[in-house]
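Visitor: Have a look at the structure that comes next, please.
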Amino acid sequence: MEIPYTTTARPDTGLWNAKIGIWLFLASEVMLFGGLFSAYIFLRLDAAPGHWPRGLLNVPVGTMNTAILIASSVTVVLAWAALKMRQFSKYKFYMGITILCGIVFLVVKLAYEWPIKFHHFGAKITPAALEKYEPYLGNAHLREGGYEPRVEISGHLENPEALHDESIREYHIKLDAANAEPLNPDNDRPRFWPAPMSDKIAHVSKDDVQLASMYVPKHSTFFATYFTITGLHGLHVLGGVIVFIYLWLPVSARLYKRNPEQLANRVEVAGLFWHFVDLVWIFVFPLFYLL
Amino acid sequence: MNESNSPAASESVVQAHPEHDDHHDVSKHIKKYLMVGGLLMIFTIITVALSYFDFGSHKANIAVGMLVATFKAGLVAAIFMHLSAERHLVYQILIFTTFFVLVLFWLTYLAWYDPVVR
Amino acid sequence: MDPSADLTSHAPAAHDPHHHDEHGHDHHELGWWRKYVFSTDHKVIGIQYLITGLIFLFLGFTLMMLMRWQLAYPGKALPVLGPMLNVLFGRGSMPEGIMAPDFYNSLGAMHGTIMIFLGVVPVAFAAFGNYVVPLQIGAPDMTFPKINMASYWAFFVGGIIMLISFFVPGGAAKSGWTAYTPLSVIADSGPGHHIIMNGQTLWLIGFVFLITSSLLGAVNFITTIIQLRAKGLTWMRLPFFVWAQFITAFLLLLAFPPLEAAAVMQLMDRLAATSFFMPTGLVVSGAALNISGGGSPILWQHLFWFLGHPEVYVLILPAMGIVAEILANNTRKPLWGYKSLVFAALVLGFLSFIVWAHHMWLTGMGTVVSAFFQTTTLIISIPSVIILSAFFISLWGGSIRFNTPMLFATAFLPMFGIGGLTGIPLAFNAADIYLHDTYYVIAHFHYIVAPGTIFALFAGVYFWFPKATGRMMSEFWGKVHFWPSLICMNVIFLPMFLQGMLSIHRRWYDGGQGWALSNEKVWGLSGFEWNVPISIAAWVMGLAQIPFIINFFWSIKYGKKVNDNPWEATTLEWAAPSPPPHGNFAVVPTAHRGPYEYSLPGRERDFTMQNEPIRDSDRRAYEAAAAAHD
C-alpha cells in the first residue's frame, strides 16, 4: 500500500506531504529561535549599564559571512530552478557552490572567529575599584559623551598561569585599544575595522576583579547568548550542508534519471530549510555584531 | 483503491492544475532570484553602514537595524521561500506561528517591564 | 507499506515502476526486528508507545507510593523494602530504611517528569494518536513512517537516560519537575558529581530527546490529518478524537521548542558556567559563585511555562477525544453539540498559549501583567466548560451501556469537573497567594490528570483493545479494576484540598508534621494525620492496577474473540479488519456522513457507519432533524 501524495499534490490542499512537513518543522524552528531571541531580549534589557559589551566582534568578517550565506541562498534556489528546467549539470554546479559556501561559513566561524575569542582575556573590575583603574577605563570621559560606562579591562593575558594559580595576585594584560587610549573619541563607539592591540601592559590586582575570564560563554550574558545562538545556528548550517552533500552525491543522479520531479522536490524542501537558516542569520548578524 | 487516494489519480489532478512553477515560469524567475540576491547584498552593506550612523539614541539605532533586517528577512521569505505565492495552508500555519512567537516576545518583555519591585 | 517507500526528513519517497518491484521483494522479507522492533507501521509504533508509556506510568506511580510512606510516617524506617531500596539506589538513599531528604526530592521530581513526559503524553498523544488516527481518517499509514519510528526511538532513548540518572553519583534530578533555576543549576554539581553523568544534566539531556520526539510526532500527525483523510472525510466529519489530536499536535509543535531552547540554555549554565538563569551576586553556601551573573531565574520560568501550560492541554485534549468517542458509542446517540465541541477545543488550544504566567503569580510580576494573565486564564475556563457541558448533555436521554470503557469515561466527567472548578481560585492571584504550592494545587491538577486523563486512557485501552487484537478484555476484571481505582483516587485527592487549605506545602519532606496549622482537626483528623488514609489509598490503588495488568496480557491471548466492530461503532477504524493488516484497509473507505450517526431514524441498525452510502431514508431523517431544529 502506497502512501498517497508523496510527490504529487493533494487536490484540496495543493501541497505534497513533505512540503507541509517542512513548513511545520520550520514553524517549530521559528519557536525554537524565538525562545532564544526572547532570552536575548530579556537578558539585554536586564543587563546593568556597561555589562552588555558592544563592538567585540569582528564586523568585516561577520559581513563577509553574511554575504556568503546570502550567496548560498541564491545558488540553492538556482539549483532548484535548474532541476525544474531539467538541466542536471547546472544543478550540480550550483549545488556544489552552495555546499562550498556552507563549509566556508562554518570554517570561518569555527577556525577563526570563535578561537580568536577564546584567546582574548577580560577582567571585570569591581565597582569599588573602578576609580583606581580610571586611566584604563575613561569613565568620566564616557559619562560626558552620554555613553555607557566601561567596566572591563581586556586584551591579551600575558601571564595565563594567573588564571589557575592562586599565589599570583595580578593579571598582566596587554591592552586592547579601548583600554590603552580610553580618552580617544574613536574608541567611544564600536568601529568597523577592529583597532589593533596596543603594546601597553596593565597590571590588574585580583582583589579588584569581579570576574576574570577569556571570551568564552561564561564571560557575560552577551557571550553566553552569542555562543549559544551562533552555535545552534552553526549546527543548522552543518545539518543543511550534510543534506546538500547527500543530494549532490551520485545518488541524486540515479534519482534524477528515475524521477527528476522528486529530486526537485527534495531540493526544494532542503532549500526551504536553508533559506530559513539564512533568515535567522539576517537577524543574528546585526543583533550581535552591530547593535 | 478509491479515486482521490490513488497516486495515479492525483497525478492526473495535478496535471489538470499545474503548479505555479512550471518549467517556463522557472526560467523567468531566475532573473528575479539574482536581483533579490543582489538587493540582499546591498542591504547588508546598508545595515552595516547605518549602525555607524547616530540616529540620536542607541534605541533608535536598534530599531532601524531591526527594520532593515526584517525587510531583508521578508525578501528571503517572499521570494526564495516562495511565500509570495504559496498555498493558503502554509499561510495559516505561519500566521499562528508568528502570532505566538510575538506573544512570547511581547509578554516576556511586558513581564520585564512591569515588576512589582525592581 | 514497505520501508523503502517511507519518507526521510526532507524528501518524499520514490514512487515509480522500478521501485515498486523492489517493494514486492522486501515486503515479504521483513525480519522480526523490522516488523516488531524497528517498525515503521503506525500500529506497531502505537503499541510500542502504549506499552512503554504504561510501564513508565506504573514506574512513576511507584515512586509516589514510596514518597507516601515518608509523608505518612516521616522518619520511620520502611520495613523490608527500605533496606533493599538502599542497596538498589545506593549512596545512602534510604539508610536503614529511612528515606533521605535528597532521595525524597529525587522521587518527587522524577514522579512529575515520568508521569507527564514519559507516561501520559506518550500514551495519550503518541500511542492512541498513532494507532487510532490513521484508522479513523481512513489512511494507510502516517505520512512519514520513518520519522514516526525515529520519534518513538528518540522517546525511548530519552526515557532510558532518565532512568539511568537514578543510578549516577548523587542520584536523579531533585529540583522538582519544573527544574526552577537557579536551584536546578547548582544542584548535582561540584565535588562528587560527574560533569555529565549527574541527575540534573541527564534530566536536561533526556528532555532534549523527549522534546525532539514530540516535535517529530507533531509534524507527522498534522501532516497526516491534513493530507491523508479519506475521500469525503471533510473537516466537520472528523471524529472529535481526531480533532483533539490535531490541536494537541499543534500545541506540541509550537510550545515545546521554547523549552528546548531553555533546556539548551540550562545545559550551558551547567556545563559552560554561563549565567542565562543565574542572577548577579548569587551566594551559595556562603561563597559567591565564580560566574558573570546578569541572568534571570524568571526567564527560565517564562520559557518553561510557555510550554508548561499548553502541556496541560496536551494532557487533557486527547483524553477528551477518547471520552467523546466512548460516550457517543455507549449512549447510542450522536454527540451533543459536535460543532461547539470542535470550536471550543480550537479556542482552548489557542488560548492555552497566552495564560502561562498564572503559574508565576508569586514571582513579583506587576499588576498589568497579572491582570492580563488572570483575565486570559478565566476566559480559558469557558471552552473547557462548553466541552464538559456538551459531554454531560450527551448523556441525557441515552440508553447507556455501562461497559468498562463507558464506566471510565463517565467517571472522567465529574473528576475532570472537580479538577477544573477547583482551578478557578488558583486563577485569581489574590487567592493564589494563599494556596500557591500547597497540597490544594496538587489535588487540583491531579484531579485533572489522574482520575481525569488517566481514566480516559484506561477507557481508551479497553475500548480499542478489540481493534488491536481482535479480542475483548474481560468485563468482570475491568470492573474489578474500575471501582477500587475510582474510590482510591478520591480518597487520595479529596483530603489534599483540606491539607492545602491548612497551608501544607507540597514539597515538605515531613508531611507537614512541623507546621502548626497541620494540627487543626478537619473531619476528625488533623491535617498531618490525613496523610495516613491518603497513603493507604495510594497503595491500595497500586494493588488495584494488578487486575488491569493481568487482564491486558491475558486477553491478548485468551480474550473472547470478536468481530471487526464489537462495540457497534460508527467511525472508520471499525471498518478495518481486527487487527488491521499492514496498510490497514482492504478497500480504501469513503466517508459519506458525520462521525456519530447512532440511532438514525429509518435504519434497521442503531448505528450507521461513516462509510455507508446515504439512502433516501437518511435524507428524510436529516430533513426532519433540520426542521425540528428550526
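The values are calculated or read from the model by the stated rules, or taken from the named source; none is laboratory data. Since this is a predicted model, take the numbers as computed values, not measurements. Note: ideal-geometry Cβ built from the backbone for every residue, glycine included; neighbour counts use all protein chains shown. In case anyone asks, the SASA skips ligands and DNA or RNA and just uses the protein heavy atoms, side chains included. Shrake-Rupley method; radii C 1.70, N 1.55, O 1.52, S 1.80 Å.
Visitor: I'd like the projected area of the range C:157-274, averaged over all directions, using the convex hull of its alpha carbons. Report it in nm² with one decimal. Mind showing how you got there, number by number?
Guide: On the way: hull surface 33.8 nm².
For the Cα atoms of the range C:157-274, the hull's average projected area reads 8.4 nm².
Visitor: If you don't mind, there's one more thing I want to ask. Taking N as the number of residues in chain C, what is its Cα Rg relative to 2.2 N^0.38 Å? Could the numbers behind the result be given before it?
Guide: Values: Rg = 25.1 Å, N = 630, 2.2 N^0.38 = 25.5 Å.
For chain C, the normalised Cα radius of gyration is 0.99.
Visitor: Report, as a whole number in µm² per second, the diffusion coefficient that Stokes-Einstein gives for the range B:20-86 at 25 °C and 0.890 mPa s using the Kirkwood radius over alpha carbon pairs. Can you show the working numbers first?
Guide: Values: Rh = 13.4 Å.
Estimated diffusion coefficient is 183 µm²/s.
Visitor: Within chain A, what's the longest run with no GluC sites (Glu not before Pro) in a DSSP loop and at most 11 other beta-carbon atoms within 10 Å? Give the range, please.
Guide: Numbers: sites that count: A:131, A:166.
Result, exposed sites excluded: A:1-130.
Visitor: Given a 1.4 angstrom probe, I'd like the percentage of the accessible area of chain C that is carbon and sulfur, rounded to a whole number. All intermediate terms of the calculation are to be shown ahead of the outcome.
Guide: Details: 15550 of 22020 Å².
Here it works out to 71 percent.
Visitor: Computed over the Cα atoms of the protein assembly as shown, what is the convex hull's projected area averaged over all directions, in nm²? Don't jump to the answer; show the numbers that get you there.
Guide: Working: hull surface 178.9 nm².
Mean projected area of the Cα convex hull: 44.7 nm².
Visitor: Distance from the Cα centre of the range A:13-53 to that of the range C:567-602, in angstrom?
Guide: Distance between centres, Cα-based: 42 Å.
Visitor: When a/c is below 1.5 the answer is rounded, else prolate if a/b is larger than b/c, else oblate, so apply that to the range A:121-214 with a ≥ b ≥ c taken from the square roots of the Cα gyration tensor eigenvalues.
Guide: On the way: a/c = 2.38, a/b = 1.47, b/c = 1.61.
Taking the square roots of the gyration eigenvalues as a ≥ b ≥ c, the range A:121-214 is oblate.
Visitor: Projecting each Cα onto the charge dipole of chain C (Lys/Arg +1, Asp/Glu -1 at the beta carbon, about the Cα centre), which of C:583, C:288, C:108 comes out farthest on the positive side?
Guide: C:108
Visitor: Residue C:438's amide H: which non-local residues (gap 5+, or another chain) put their own amide H closer than 5 Å, with H modeled 1.01 Å from N in plane and none for Pro or chain starts?
Guide: C:506
Visitor: Just to be sure I understand: if you take the accessible area of chain C alone plus chain A alone and subtract the pair, with a 1.4 Å probe, what total do you get in Å², rounded to 100?
Guide: Numbers: alone 25000 and 15150 Å², together 35850 Å².
Buried: approximately 4300 Å² between A and C.
Visitor: Taking a virtual spin label 7 Å from the Cα of residue C:332 along the C-beta vector, which residues in the range C:392-428 bring their backbone nitrogen under 12 Å of it?
Guide: Inside the label zone: C:398-402.
Visitor: Rounded to the nearest 10 degrees, what's the angle between the helix A:17-46 long axis and the longest principal axis of chain A, both from Cα atoms, 0 to 90?
Guide: 10 degrees
Visitor: Which of the listed residues, A:77, A:145, A:227, is farthest toward the dipole's positive end in chain A, when Lys, Arg count +1 and Asp, Glu count -1 at the beta-carbon?
Guide: Ranked along the dipole, the leading option is A:77.
Visitor: Taking every pair of distinct Cα atoms and averaging 1/r, then inverting, what Kirkwood hydrodynamic radius in Å comes out for the range C:426-516? Before the final figure, lay out each step's value.
Guide: Details: mean 1/r = 0.0653 Å⁻¹.
Result for the range C:426-516 stands at 15.3 Å.
Visitor: Would you mind estimating how fast the range A:51-205 diffuses translationally, via Stokes-Einstein at 37 °C and 0.692 mPa s with the Kirkwood radius over Cα pairs, in µm²/s?
Guide: Numbers: Rh = 18.6 Å.
Answer, rounded: 176 µm²/s.
Visitor: Report ³J(HN,Hα) in whole Hz for each residue of the range C:121-135, in order, from the Karplus equation J = 6.51 cos²θ - 1.76 cosθ + 1.60 where θ = phi - 60°; Gly and Pro get x.
Guide: Working through the residues one at a time gives 4, x, 6, 5, 8, 6, 6, 5, x, 5, 6, 8, 4, x, 5 Hz.
Visitor: Also, quick follow-up: For residue A:168 and residue A:195, calculate 0.36 nm times their separation in residues minus their Cα-Cα distance, and state this gained length in nm to one decimal.
Guide: Values: separation 27, 0.36 × 27 = 9.72 nm, distance 2.99 nm.
The span from residue A:168 to residue A:195 would gain 6.7 nm if fully extended.
Visitor: What's the percent breakdown of Cα-Cα distances in chain A across 10 Å bins, shortest bin first?
Guide: Computed distribution, short to long bins: 6, 23, 26, 18, 13, 9, 5, 1.
Visitor: HN-Hα J couplings of the range C:571-588 from phi, Karplus 6.51/-1.76/1.60, θ = phi - 60°, integer Hz, Gly and Pro as x?
Guide: Taking θ as phi minus 60°, the curve returns 7, 5, 4, 7, 8, 8, x, 10, x, x, x, 4, x, 6, 9, 5, 10, 5 Hz for the range C:571-588.
Visitor: A follow-up question, please. Take the Cα pairs of the range C:238-374, get the Kirkwood Rh, then feed it into Stokes-Einstein at 10 °C and 1.306 mPa s and tell me D in µm²/s. Could the numbers behind the result be given before it?
Guide: Values: Rh = 17.5 Å.
For these conditions, the coefficient is 91 µm²/s.
Visitor: Counting only residues 5 or more places away or on other chains, whose amide H sits under 5 Å from the amide H of residue C:231 once H atoms are built in the peptide plane?
Guide: C:591
Visitor: Also, quick follow-up: How compact is the range A:179-291 by the rule of thumb for globular proteins, expressed as Cα Rg over 2.2 N^0.38 Å? Provide the component values of the computation, followed by the final result.
Guide: Working: Rg = 22.7 Å, N = 113, 2.2 N^0.38 = 13.3 Å.
Relative to the 2.2 N^0.38 Å estimate, the range A:179-291 comes out at 1.71.
Visitor: Output the Cα-based Rg and Dmax of the range C:416-574 in Å, rounding Rg to one decimal and Dmax to a whole number.
Guide: So, for the range C:416-574, Rg and Dmax equal 19.8, 62 Å respectively.
Visitor: Please give, to one decimal in nm, the separation of the simple spin-label points placed at residue A:143 and residue C:402, each 7 Å out from Cα toward the Cβ.
Guide: Computed distance between label sites residue A:143 and residue C:402 equals 8.1 nm.
Visitor: Separate question: For chain C, what is the charge dipole size about the Cα centre, in debye to the nearest 20, if Lys and Arg each add +1 at the Cβ and Asp and Glu each add -1 at the Cβ?
Guide: On the way: 31 positive and 33 negative charges, 184 e Å.
Rounded to the nearest 20 debye, it is 880 debye.
Visitor: Right, next: Just the accessible area per residue of the range C:18-168, please: how many Å² with a 1.4 Å probe?
Guide: Numbers: 5510 Å² over 151 residues.
Per residue, the range C:18-168 has an accessible area of 37 Å².
Visitor: Given H placed on each backbone N at 1.01 Å, which residues far from residue C:365 in sequence or on other chains put an amide H within less than 5 Å of it?
Guide: HN-HN under 5 Å from residue C:365: B:116.
Visitor: When N counts the residues of the range C:311-402, how does its alpha-carbon radius of gyration compare numerically with 2.2 N^0.38 Å, as a ratio? Don't jump to the answer; show the numbers that get you there.
Guide: Numbers: Rg = 16.3 Å, N = 92, 2.2 N^0.38 = 12.3 Å.
Normalised Rg, Cα atoms only: 1.33.
Visitor: At 1.4 Å probe size, with every protein chain present, just tell me what the per residue accessible area of the range A:25-144 comes to in Å².
Guide: Values: 4320 Å² over 120 residues.
Accessible surface, normalised per residue, equals 36 Å².
Visitor: Accessible area lost on pairing B with A, both sides, 1.4 Å probe, Å² to nearest 100? Walk me through the numbers on the way to the answer.
Guide: Values: alone 10110 and 15150 Å², together 20100 Å².
Answer for the B-A pair: about 5200 Å² buried.
Visitor: Right, something else. P(r) for the range A:76-119, please, calculated from all Cα pair distances in 5 Å bins and given in %.
Guide: 6, 24, 18, 12, 11, 10, 8, 7, 3, 1
Visitor: Can I ask one more? Run the accessible area of the range B:20-86 with a 1.4 Å probe and give the carbon-and-sulfur part as a rounded percent.
Guide: Carbon-and-sulfur percentage of accessible area, whole number: 74.
Visitor: Provide the buried accessible surface between chains B and C in square angstrom, both chains summed, 1.4 Å probe, rounded to the nearest 100.
Guide: Values: alone 10110 and 25000 Å², together 33070 Å².
Chain pair B/C: roughly 2000 Å² of buried accessible area.
Visitor: How much area per residue is accessible in the range C:471-609 when the probe is 1.4 Å and only protein heavy atoms are counted (Å²)?
Guide: Values: 6360 Å² over 139 residues.
About 46 Å² of surface per residue is accessible.
Visitor: May I pose another question? Over what distance in Å are the Cα centres of the range A:101-156 and the range C:214-270 separated?
Guide: 44 Å
Visitor: On the protein heavy atoms, probe 1.4 angstrom, tell me the percent of accessible surface of the range A:121-214 carried by carbon and sulfur. Could the numbers behind the result be given before it?
Guide: On the way: 2690 of 4980 Å².
That share works out to 54 percent.
Visitor: With θ set to phi - 60°, apply the Karplus curve 6.51 cos²θ - 1.76 cosθ + 1.60 along the range C:318-327 and write out the HN-Hα couplings as whole Hz, x wherever there is a Gly or Pro.
Guide: x, 4, 4, x, 4, 4, 4, 4, 6, 4
Visitor: Any idea how far the Cα center of the range C:85-161 sits from the one of the range B:33-94, in Å?
Guide: Taking the Cα centre of the range B:33-94 as reference, the centre of the range C:85-161 is 42 Å away.
Visitor: Same structure, new question: Across all directions of projection, what mean area in square nanometres is found for the Cα convex hull of the range C:578-630? Write down the numbers at each step before the final one.
Guide: Values: hull surface 18.3 nm².
Orientation-averaged projected area of the Cα hull: 4.6 nm².
Visitor: Loop sites only, by DSSP: take the trypsin sites (Lys or Arg not before Pro) in chain A that have at most 16 other C-beta atoms within 10 Å and name the longest stretch containing none of them. Could the numbers behind the result be given before it?
Guide: Values: sites that count: A:54, A:86, A:132, A:169, A:191, A:200.
Formally, the longest exposed-site-free interval is A:201-291.
Visitor: Separate question: With point charges of +1 on the Cβ of Lys and Arg and -1 on the Cβ of Asp and Glu, referenced to the Cα centre of the protein assembly as shown, which listed residue (C:387, A:269, C:559) lies farthest in the positive direction of the dipole?
Guide: C:559
Visitor: Taking the Cα centre as origin and putting +1 on Lys and Arg beta-carbons and -1 on Asp and Glu beta-carbons, what dipole magnitude results for the protein assembly as shown, to the nearest 20 debye?
Guide: On the way: 63 positive and 67 negative charges, 250 e Å.
Using only the charged Cβ atoms, the result is roughly 1200 debye.
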